[in-house]
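Data first, discussion second: the structure below is written as structure tokens.
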Amino acid sequence: MWALNPSRVMSRRLAAAYTPNLARRRLHLTPAPFAVKPFFLADIGEGIRECEVIQWFVQPGARVEQFDKLCEVQSDKASVEITSRFDGVIKKLYYDAGEMALVGKPLVDIDIEGEVAEEPAPIKLEDTPAPTPAEGSKSPIPQTPPAASTVITTDIPPEHIHSKLATPAVRRICKELGVEITHIQGTGKDGRVLKEDVAAFAEHLKSYQTTAELPETPAQSPSIALPPLASETTTQLSPMQMQMFKTMTKSLSIPHFLFSDEVHLDPLTACRTRINAELISGNSTQSAQKISYMPFFIKAMSLALQKYPILNAKLNTDGDKPSLVMRPQHNIGVAMDTPAGLIVPNIKNVQNLSILEIGEELLRLQKAGAAGKLSPLDLKSGTITISNIGNIGGRVVSPVIVNSEVAILGIGKAKTSPAFDTHGAVVPKTGMVFSWSADHRVIDGATMARMATLMKEYVEKPELMLARMK
């Protein structure tokens, strides 16, 4: 038998007696707080030092997880959505919507979950109830904050945190003018508010009645307030519109090949001036009046068609196999804007006419078209068309081919620009753009380019065109 050591027995008894007290000292009445981490606004682009908070997707007390959206910020270059890098509970927002946030500074504070073990439920140390403030306790027990799991969140942000798309410069102008950007209807891409929108809205407010209240929603803003709309009415197409509808609908089946080039007019201008001077003097045997550029263009097209007759052909698709109908007559149509609408009469057999004769026939068609007295014969059997949209405006046009032709020429507005001459000196030159459309089912790009280049040569060198005429 081993003898018990009295000192060792006494130590064990003392340890057993004090164990409950030691355990009791490790208990807490309130859970340990989470670690609060500031979430810094990272660099969102080279050279960007600040950006504007467009809207918040969270509010204080909301629970977030990694990659959840926190807010949207707008710089002068882009709009970026900022996402969370932590799991936790939002404690503080450092900026309101519309304020400028600094790169590298705190954006929000987040209580981080998972860094501290989950707290046990409070343990009651005594059976005696804790005193209440009514009993006169000098240091009442603080209220236990609700556990994070009991926080109620919502995904619907308040109305005031939603803002219009706009750059910080535009928002700064709004603040300087004292206007609310949410009241402005943006006209930029995706509804973005531009400086012009702010200026127009501020100007409108000056004339707006002082007693009128600003609307609550942008849709009711005085800047976009419209008078009551008149009722819609239905109008039947006119006979000419109906014909244009049918013709253009058929043209949709034609694959268009586009080609454009600039043509210099200075040599032709000098030639035309001399001819008109001769006509006005009365020494000419011709009865034509002063002629425009168009008769020269029409004759130049006819001379080019003699070398490239396929541009004057017609594609026949009625039979079993498509075929080309080669047409020797150069019946060149000229698109005209008349009170009744667009019409395209044509000058017959241009290959046999002089420039002055073309001018006389063109003048007759223009007068008849303005008076509405064109005959059906004037509108039939066209082989190729010229559309001079430059009389109204615009330099480049994409003309539409009708199904009875394989090519059309659109002429833009003449413009004088600085250019270099053969000696390298800067001189003014007047030119216009010739825009061609060809039926790519039968006309290849090379043929169209060669035809356009030859006609350009005739226009820029009128003496060559006169030498080739028969």
Next item on the list: May I ask for the Rg/Rh ratio of region 253-468, computed from Cα atoms with Rh as the Kirkwood radius, given to two decimals?
Entry: 0.97
Checklist line | Theoretical gain in end-to-end length, VAL325 to ASP444 [0.36 nm per residue, Cα-Cα removed] | finding: 41.1 nm
Note to self: Skipping prolines and chain starts, which residues have an amide H placed within reach, meaning under 5 Å, of the one on ALA166, given they are 5 or more residues away or on another chain?
What the structure shows: VAL193
Check: Working out 0.36 nm times the residue gap between ALA35 and LYS429, then minus their Cα-Cα distance, what length gain in nm do you get to one decimal?
Finding: 134.2 nm
Notebook entry, point to check: So how do 365-378, 405-418 stack up, highest first, on mean other-Cβ count within 10 Å?
Noted result: 405-418, 365-378
Next item on the list: Name the residues whose placed amide hydrogens come within less than 5 Å of the amide hydrogen of PHE86, ignoring near sequence neighbours (fewer than 5 apart) on the same chain.
Entry: PHE67
Check: Where does the charge balance sit around GLN366 when Lys and Arg score +1, Asp and Glu -1, over other residues with C-beta under 14 Å from its C-beta?
Finding: 0
Next item on the list: Per residue of region 267-280, in order, report the coupling 6.51 cos²θ - 1.76 cosθ + 1.60 (Karplus, θ = phi - 60°) as ³J(HN,Hα) in whole Hz, putting x for Gly and Pro.
Entry: x, 5, 4, 5, 5, 5, 4, 5, 5, 5, 4, 5, 5, 5
Notebook entry, point to check: Relative contact order of region 386-470: what whole-number percent is it, with Cα pairs under 8 angstrom and at least 6 residues apart?
Noted result: 25 percent
Notebook entry, point to check: List the lysines whose alpha-carbon lies under 19 Å from that of LYS92, not counting same-chain residues fewer than 8 positions away?
Noted result: LYS37, LYS69, LYS105
Item checked: Extension gain from THR269 to ASN316, taking 0.36 nm per residue of separation minus the Cα-Cα distance -> 12.9 nm
Checklist line | Computed FRET value (nearest 0.05) for LEU342 with LEU102, which takes r as the C-beta separation and R₀ as 60 Å | finding: 0.50
Notebook entry, point to check: If you roll a 1.4 Å probe over region 34-113 with all protein chains in place, what percent of the accessible area is carbon or sulfur?
Noted result: 49 percent
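The values are calculated or read from the model by the stated rules, or taken from the named source; none is laboratory data. Here the structure is a predicted model, which is why all the values come from computation and not from measurement. Here Cβ is always computed from backbone atoms with ideal geometry, including for glycine, and neighbour counts include all displayed protein chains. When the accessible area is computed, the model is the full protein with side chains, heavy atoms only, and any ligands, DNA or RNA have been set aside. Shrake-Rupley method; radii C 1.70, N 1.55, O 1.52, S 1.80 Å.
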